[in-house]
Each structure stands twice: as C-alpha cells, then as structure tokens.
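Working notes for the structure below.
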Amino acid sequence: MKKKTTTRTWFPKIKNPIPYEGPDSDHLMAFRHYDPEEVIDGKTMSEHMRFSVAYWHTFRGAGLDPFGGPTICRPWEKGKDPMADALRRMDAAFEFFQKIRAPFWCFHDRDIAPEGRSLRESNRYLDRAVAHAKDLQKATGIKLLWGTANLFSHPRYMCGAATNPDAHVFAYAAAQVKKAIDVTAELGGENYTFWGGREGYETLLNTNLKREFDHLAAFLHMAVDYARDIGFKGQFLIEPKPKEPTKHQYDFDVASGIAFLKTYKLDRHFKFNIETNHATLAGHTFEHEIELAAAHRMLGSIDANTGDALLGWDTDQFNTDVRELTLAMVSILRAGGVGSGGFNFDAKVRRPSIDLDDLFHAHIGGMDAYALAFKKARKILAEGTLEQLVADRYASYDTDYGKQIEKKKIGFKALEEIALKKSQPKPRSGKQEMYENILMRSVHD
C-alpha cells in the first residue's frame, strides 16, 4: 500500500484564513475593518490596499536590537543546512501569506537564500529558492510586489556598494543587482526597489563626495539599461532613509532623492517607496513625504510601519495610528493611489513578542488600521469640506493677475504697478485649528 504524504502545517493554531467579522467583533483573530472581498468603486479592498508581507522582518527577524541578541526561534529554523532551512522557511512564509490574506510579498535576495562562498554559489542557492518560490506563487496565487538586493549586510559593503571607493566592490554589487533583477522578473515582480543601506559616508575626511554621487548615478543608469535589455517592465523604486547605518545617507529624504534623480536624468525611471519611520527620522511627517513625491508624480509605493517617538532609531513597528494614516491616505488617494506599488509591512514584532500568533496579531492590527484609514480618507475627500477650504484659500490665483502668475505671463514690473495701485494686503487667518477639528471629526465619526 502506497504511503500517504502530508504537508506540514507551521501555524497549526490558525486553521483557516483570518476572517472578516466587522467593527463589532471582539474576536482578536479576526479583521474588524479589512474585508479583502468588499467592493469599493469597482475594486475589492484587496485590490485597493495591495498589502504585502516583508520577508526580512516576518521570516528572518530574530528579535535582535542594538543591545541584545536573538530572542525569537521559529520552528522552521533547524540551523544545520542553510539551503534546507531556506526552503522550509519559504513553505512557512507562504502558509502565513495565505492565512493572513496578503496578496503580495517582498524580499531581499539574501532573505530567501544563503550567501555562498562565491558569487556563483550564491546565485545557485538563489536559483533554487526562486524555483521553489515560483511553484508556491503558482499554487497560492500570491504575487511578488518587489524584489531587491541586500547591499549592506556583508563586510564587503562596509563602505557602501555603488558608492564604494573600491571598483571591485562596485562590480560585485552590480553583479548582485543584475541577478536580483533577473529573479524579480522571473517571479513576476511588479517593482524593483533600491535602498542604499550604506550609500553614504561616516566622515568627509576620507570621502570624495562628487565621485560617489557620480558612481551611484552610473550604477542606477546601468540597472535601467539592463532592465530594458531583458524586457523587465517593473517600476524602479528608491527608498529614502536619512541615517542608520551611515552618518549621512545620500538618499536622505524624498527632496534630496528628487534632486539627485533630476540632476542625473534618472527621474523618469524612478519613483519613491516611502517608509513612515524613515520620514520621521528625517524630521518630516509621513504625509509630507507622500505629498512631495506626489507633487512630482513620483509616488510609487509605501513601506507601512512607524517608529517610537522616544527612541532615536528605526524601530519598524506596526502602525495603528488611524489619525496619522488617514492623513497619509488622503494624500495617497488625492495623488491617484500607488499604482503598481502597495502597502508593504516593513515592520517587525517587538523583541519580547516571541509566539507565532504574535505575527498574526501584528499584521491584523496593521491591516485593519490602514483599511480603516482608507475608508476615512475616502469619506473626507467625498465630503469635500477640506478640499474646498484649501481651494478657497488659494482662490486669488484662479483669476486676474494671480492666474497670470501661475501661467508665468507676468513679471516684476507689472506686479509692482499692481501693488502700487492697491492698498496693503490684509492678513488672512490660516485657521489651522478649524482644519484640525474637521479632521478630528472625520476620523472619529
């Protein structure tokens, strides 16, 4: 008699996908606001939100922080054969993706396959992992939101990758990114992300700033050229971050990113993957970075997390601040959404949250918060109160010489004549408190 084979379940307590039970539910393993099948404006909530799970935090996170070693040990981590671990880990990951009902996932190359003793060996490991991922994607319907290369963890990249003073390191990084683009394309990835984890400097005493910027631009142009050569149609994304691990990152924020991309004629090829925690570390709000990217038509995707206001590093927590997320969602919806991007939970459970069900609680809270914020933002925009108030505030630019200013059809001399004929401008209240009250009413209704 032929022996029956069974597939191991890594999350036996979670027997079915997380259900939607509505706002009145008190079930902690259920969605209260995120119903993936709810249809709004002809699209399901799953299609609107495009939620993604970050492989590096959810399946490689071990509870490390700057002051302590691992606290989390997952059952799929055996530690004897790194490649066997990688395949087993991926089985667990796709089971989780299905049970949490996330339609996408994201990864770095070294997240899903171990580093080999050579580039060839690393590539062989990656090919095995990608083949397995391809089978799992086909079996589950889960898609790849974006892929990327880890150009920051290995000691070879301690002084950067594309900005490294050693051309040999630059070449190795180029080969690693080439392979990462290849596998992203093979898995049907809709985007490819660059995060310059060590593209920056520690001291200007040993740094040629101009050459490093030039080298980074050359690297990105090579990536664009290669993607075109192989027919990869995915969107390239830049993820800004102001600090950590270097003192000064070259991709400090959206503004510096725009300046860099436009200077080197890369702006038509790239958009921004904006992370909440990175925005606040740069001294900005989340919605500021979104608005700035959207103003230049460069809003690409969102890394969904938050930081701790009392800590000075990138804590990557799950964001459940509906007020902050509603503000961000208003900006995102006003910009027309994130296109081929999504909301990737670049967030990790806290160091003492060591149980498997903590992974579910964390993602349920994040998904519910973003879904609720999406609905609140749609209501704010539909009501139109804030939009109309802002339009009224700038109404003087819609007619007469104000309109000529915006169309660049008037100059200083003509404006001087107008100013001389008119009385002094009267100050007009910005009414910030009223705007904040309108937002508060909309969020809490």
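The values are calculated or read from the model by the stated rules, or taken from the named source; none is laboratory data. Note that this is a predicted model, so its numbers are computed, not measured. Cβ atoms come from the backbone with ideal geometry, glycine included; neighbour counts cover every protein chain shown. These area figures cover heavy atoms from the full protein model, side chains too; ligands, DNA and RNA do not enter into them. Shrake-Rupley method; radii C 1.70, N 1.55, O 1.52, S 1.80 Å.
Listing for the model above:
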item: Test: Ala133 is touching a residue at least 40 places away in the same chain (Cβ under 8 Å), open to solvent by less than 10 Å² (accessible area, probe 1.4 Å), of a type in the set (Gly, Ala, Ser) and out of contact with any Ser or Thr (no Cβ under 8 Å at 6 or more places or on another chain); result: yes
item: Neighbours by Cβ (under 9 Å, 6+ apart or cross-chain): first from the stretch 391-417, closer than 17 Å to Arg428 by Cα; second among the β-branched types (Val, Ile, Thr) and in a helix (DSSP H, G or I); result: Tyr397/Ile405
item: Residue in the stretch 304-319 that is closer than 27 Å to Ala185 by Cα, touching a residue at least 12 places away in the same chain (Cβ under 8 Å), open to solvent by 10 Å² or more (accessible area, probe 1.4 Å) and not in a helix (DSSP H, G or I) present; result: no
item: Residue within the stretch 59-76 that is open to solvent by 40 Å² or more (accessible area, probe 1.4 Å) and polar (S, T, N, Q) present; result: yes
item: Leading residue by the ranking (nearest to Arg101 (Cα to Cα)) among those in the stretch 10-31 that are open to solvent by 70 Å² or more (accessible area, probe 1.4 Å) and touching a residue at least 12 places away in the same chain (Cβ under 8 Å); result: Pro17
item: Selection status of Leu266, free of Cβ contacts under 8 Å to residues at least 60 places away in the same chain, buried (at least 18 other Cβ atoms within 10 Å of the Cβ) and assigned to a helix (DSSP H, G or I); result: no
item: Tally of residues being assigned to a helix (DSSP H, G or I), within 26 Å of Pro36 (Cβ to Cβ) and open to solvent by less than 20 Å² (accessible area, probe 1.4 Å) across the stretch 77-130; result: 10
item: Hits in the stretch 74-102 (condition: touching a residue at least 60 places away in the same chain (Cβ under 8 Å) and out of contact with any Asp or Glu (no Cβ under 8 Å at 6 or more places or on another chain)); result: Arg74, Pro75, Asp91, Ala92, Glu95, Phe96, Gln98, Lys99, Ile100, Arg101, Ala102
item: Residue in the stretch 193-209 that is open to solvent by less than 50 Å² (accessible area, probe 1.4 Å), hydrophobic (A, V, I, L, M, F, W, C), within 16 Å of His108 (Cβ to Cβ) and assigned to a helix (DSSP H, G or I) present; result: no
item: Of all residues in the stretch 217-251 being touching a helix residue (DSSP H, G or I) at 6+ places or on another chain (Cβ under 8 Å) and assigned to a helix (DSSP H, G or I), the one that is surrounded by the most Cβ atoms within 10 Å (Cβ to Cβ); result: Ala223
item: Selection from the stretch 143-173 of residues that are surrounded by fewer than 20 Cβ atoms within 10 Å (Cβ to Cβ), under 26 Å from Asp81 (Cβ atoms) and in contact (Cβ under 8 Å) with a residue 24 or more places away in the chain; result: Asn150, Phe152, Ser153, His154, Tyr172
item: Conditions (1) in contact with a Pro (Cβ under 8 Å, 6 or more places away or on another chain); (2) on the phi < 0 side of the Ramachandran plot; (3) open to solvent by less than 60 Å² (accessible area, probe 1.4 Å); (4) in contact (Cβ under 8 Å) with a residue 60 or more places away in the chain: number failed by Tyr34; result: (1)
item: Residue match in the stretch 147-161 (condition: in contact with a Cys (Cβ under 6 Å, 6 or more places away or on another chain) and in a strand (DSSP E or B)); result: no
item: Some residue of the stretch 430-443 being under 29 Å from the mean Cα position of the chain (by Cα) and polar (S, T, N, Q); result: yes
item: Hits in the stretch 328-380 (condition: under 30 Å from Ala62 (Cβ atoms), part of a loop (DSSP other than H, G, I, E, B), of a type in the set (A, V, I, L, M) and open to solvent by 20 Å² or more (accessible area, probe 1.4 Å)); result: Val349, Ile354
